[in-house]
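**Q** Take a look at this one; I'll ask things after.
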Amino acid sequence: MKHQTYRNLPPLAGFCTFDQAARPGLMIEPCVSRLKRYHYAFKRLHEILNAHITAEPIYELKTAFSLHAYLCAEHVISLRTRVGEMREPPLGLDAVPSADLQIFFDEILAAPDTAHLLVGLYEKALPALDAALACHLEETNHLADAPSVRLLRFARLELADILAFGKQAVPQLVDAQARTAMADWLTLLDDCLAAAGQLDGAALAVAKTLTRCHSAKPYVYDPQPQRDERFTDQWNQGVNAEVFLHDPEMPARAKTLMLYYRRIREIDVPEMMASIIAQTPGKPAGYYRDVSRQLWDEARHALMGEVGFVVNGVDWTIARITWNWSYRLNTECKPLERHAVLYFIEQGLMGKTGKRYEMEVGIESGDPLAALFQDYDWADEVLHARVGRDWYVSAIGDPAKAIAYGDECWSRVLGNWRKVLDQGLTRHENWWPALYRNACQSWGVAPDPKVLAYHQTYEGCRPDLKHVSTSA
Ligand SMILES: [Fe+2]
Ligand SMILES: [Fe+2]
């Protein structure tokens, strides 16, 4: 549209063009109907991504699912808020907007292996959602529907990152043979979208007979953690990082290796937290957003550990990155008990010997990255304490009872620790000298004999067993 702007200034507050503001676009009802479908899609995507964090063995996928699930949970909140602004109470956001879409997402949730899951998510569901948002931005009136336009633009920014991850990851893990084997299933997914009038329901619905395949039986969440081949001897508790960190005789530079170890070992926290989310249905959307944010933070802490090792030229696979904590909590405790343990442990990290001390070790070591990571790790921990208060303590109803319950649940798990250790699952090999030597080689310094000789197992510091893998 030709339009002379006043003194050549940008019109319409610079938010959109006159063309975007002048077209009639979507009325409120079809607009809300589409927004509800995006909301449903993000909610299901969050559910699916979260559900596969624990049992996905590949570390890069486990951490990416943690991020992508969190981002989806954020967009669920934005869309809920927006729908609430559009004359919509009651919002009706818990209703399934399309039975065909329900089958579509149920099928991906029930994907029988990583290949199906990756293709279903990154080549079907996420592109369909992104296309729907692009279409909305194309069709809606940008001035009248400005709040939707704003949040959909943000959503598309993050979807672009997620899709880029998928584009690089999927071909590495899904070969032609796997694709051929899932061809019928992919047709079923396409048929679901066609029958639903595509993800937004704006296209003409095509009648299809949809026969459930992998979702024919109800989906069952798998709480047992899995790891890829870089993680070995995962019951090993042969090196007590906490005792080393608090030993004034040990040099700060070597302590940063234990800090990075404590961080990368945190990969067990997303594995455990995903199980709480997956097995705690019916909570408000804010619960899933906040707990997923914490879950992603914990995955990020593990990634900080990885970066610390890589920057220092250390092969982190020398360390034994245990899964005792996630494995046992997921298989021995109820979801609320797991949350109780998490809260109890995180409360313990707030004291003088906790997160502040770790940052001080980082500063003292002269490794600026260790100091920076610990500084942010500490800040994240303060947020996690709030998440715990908002959702766990409020569920228990009383702060003192909430702590006592966490203590009781954790003590129960620790109480039969000996039994687990005696099952012959590990020989508790002392991996520390090899890791320290590896670092010294990279630093170009001779190993310090007293650091090399350090050996303090968890068993050796009983009854201090509460130090068992508590890096949340
Ligand atoms: Fe953490
Ligand atoms: Fe935390």
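The values are calculated or read from the model by the stated rules, or taken from the named source; none is laboratory data. Everything quoted here is computed from the prediction, not taken from an experiment. Reconstructed Cβ throughout: ideal geometry from the backbone, glycine too, with neighbour counts over all protein chains shown. The accessibility values were calculated without ligands, DNA or RNA, using every heavy atom of the protein model including side chains. Shrake-Rupley method; radii C 1.70, N 1.55, O 1.52, S 1.80 Å.
**Q** Quick check on my filter: what residues within the range 101-114 are open to solvent by 20 Å² or more (accessible area, probe 1.4 Å) and either under 20 Å from LYS43 (Cα atoms) or in contact (Cβ under 8 Å) with a residue 24 or more places away in the chain (or both)?
**A** Across the range 101-114, the qualifying residues are GLN102, ILE103, ASP106, PRO112, THR114.
**Q** Something else: GLN237: crowded, with 18+ Cβ neighbours inside 10 Å and either in contact (Cβ under 8 Å) with a residue 60 or more places away in the chain or not assigned by TED's automatic domain parsing to the domain that holds VAL341 (or both), yes or no?
**A** Spelling it out, GLN237 is indeed crowded, with 18+ Cβ neighbours inside 10 Å and either in contact (Cβ under 8 Å) with a residue 60 or more places away in the chain or not assigned by TED's automatic domain parsing to the domain that holds VAL341 (or both).
**Q** Another question about this same structure. Go through the range 133-143 residue by residue and tally those that are surrounded by 21 or more Cβ atoms within 10 Å (Cβ to Cβ) and part of a helix (DSSP H, G or I).
**A** The qualifying residues number 2.
**Q** Also, quick follow-up: Given (1) over 15 Å from ALA144 (Cα atoms); (2) open to solvent by less than 60 Å² (accessible area, probe 1.4 Å), where does ARG7 come up short, assuming only one miss?
**A** Unmet condition: (2).
**Q** Right, next: Residue by residue through the range 334-384, note down the ones that are aliphatic (A, V, I, L, M), within 14 Å of ligand 2 (Cβ to nearest atom) and either assigned to a helix (DSSP H, G or I) or not assigned by TED's automatic domain parsing to the domain that holds CYS409 (or both).
**A** Here is the first cut: in the range 334-384, the residues aliphatic (A, V, I, L, M) are 336, 340-342, 345, 349-350, 359, 361, 363, 369-372, 379, 382-383.
Filter again for within 14 Å of ligand 2 (Cβ to nearest atom), leaving 341-342, 345, 349-350, 379, 382-383.
Scanning the range 334-384 gives VAL341, LEU342, ILE345, ALA379, VAL382, LEU383.
**Q** Please verify whether GLY313 is away from ligand 2 (no atom under 16 Å from the Cβ) and either assigned to a loop (DSSP other than H, G, I, E, B) or at pLDDT below 95 (or both), treating the condition exactly as stated.
**A** The answer is yes for GLY313.
**Q** Quick one: how many residues across the range 386-404 are within 16 Å of ligand 1 (Cβ to nearest atom) and either open to solvent by 50 Å² or more (accessible area, probe 1.4 Å) or modelled with pLDDT under 95 (or both)?
**A** Residues flagged as within 16 Å of ligand 1 (Cβ to nearest atom) and either open to solvent by 50 Å² or more (accessible area, probe 1.4 Å) or modelled with pLDDT under 95 (or both) within the range 386-404 amount to 1.
**Q** From the list ARG212, ARG253, ARG230, pick out the single residue that is of a type in the set (Lys, Arg), crowded, with 16+ Cβ neighbours inside 10 Å and modelled with pLDDT of 95 or more.
**A** Residue meeting the stated conditions: ARG253.
**Q** Now for a different question. What is the one condition in (1) assigned to a loop (DSSP other than H, G, I, E, B); (2) among the β-branched types (Val, Ile, Thr); (3) free of Cβ contacts under 8 Å to residues at least 60 places away in the same chain that THR54 does not satisfy?
**A** (3)
**Q** Still on this structure: Out of (1) over 17 Å from the mean Cα position of the chain (by Cα); (2) within 12 Å of ligand 2 (Cβ to nearest atom), what's the single condition that is false for GLN294?
**A** In the conditions (1) over 17 Å from the mean Cα position of the chain (by Cα); (2) within 12 Å of ligand 2 (Cβ to nearest atom), GLN294 misses (1) alone.
**Q** Being open to solvent by less than 100 Å² (accessible area, probe 1.4 Å), at negative phi and outside any helix (DSSP H, G or I), is that true of even one residue in the range 27-42?
**A** no
**Q** Still on this structure, please answer the following. Just to be sure I understand, how many residues within the range 152-201 are open to solvent by less than 20 Å² (accessible area, probe 1.4 Å) and touching a His at 6+ places or on another chain (Cβ under 8 Å)?
**A** Summing the residues that are open to solvent by less than 20 Å² (accessible area, probe 1.4 Å) and touching a His at 6+ places or on another chain (Cβ under 8 Å) in the range 152-201 gives 6.
**Q** Can you run down the residue pairs with Cβ atoms below 7 Å, 6 or more apart or on separate chains, where the first is in the range 366-381 and more than 13 Å from ligand 1 (Cβ to nearest atom) and the partner is among the charged types (D, E, K, R) and part of a helix (DSSP H, G or I)?
**A** Filtered contacts from the range 366-381: GLY366/ARG253; ASP367/ARG253.
**Q** I'd like the full set of residues that are open to solvent by less than 20 Å² (accessible area, probe 1.4 Å) and within 11 Å of the chain's Cα centre (by Cα), limited to the range 273-291.
**A** Within the range 273-291, MET273, ALA274, ILE277, VAL291 meet the criteria.
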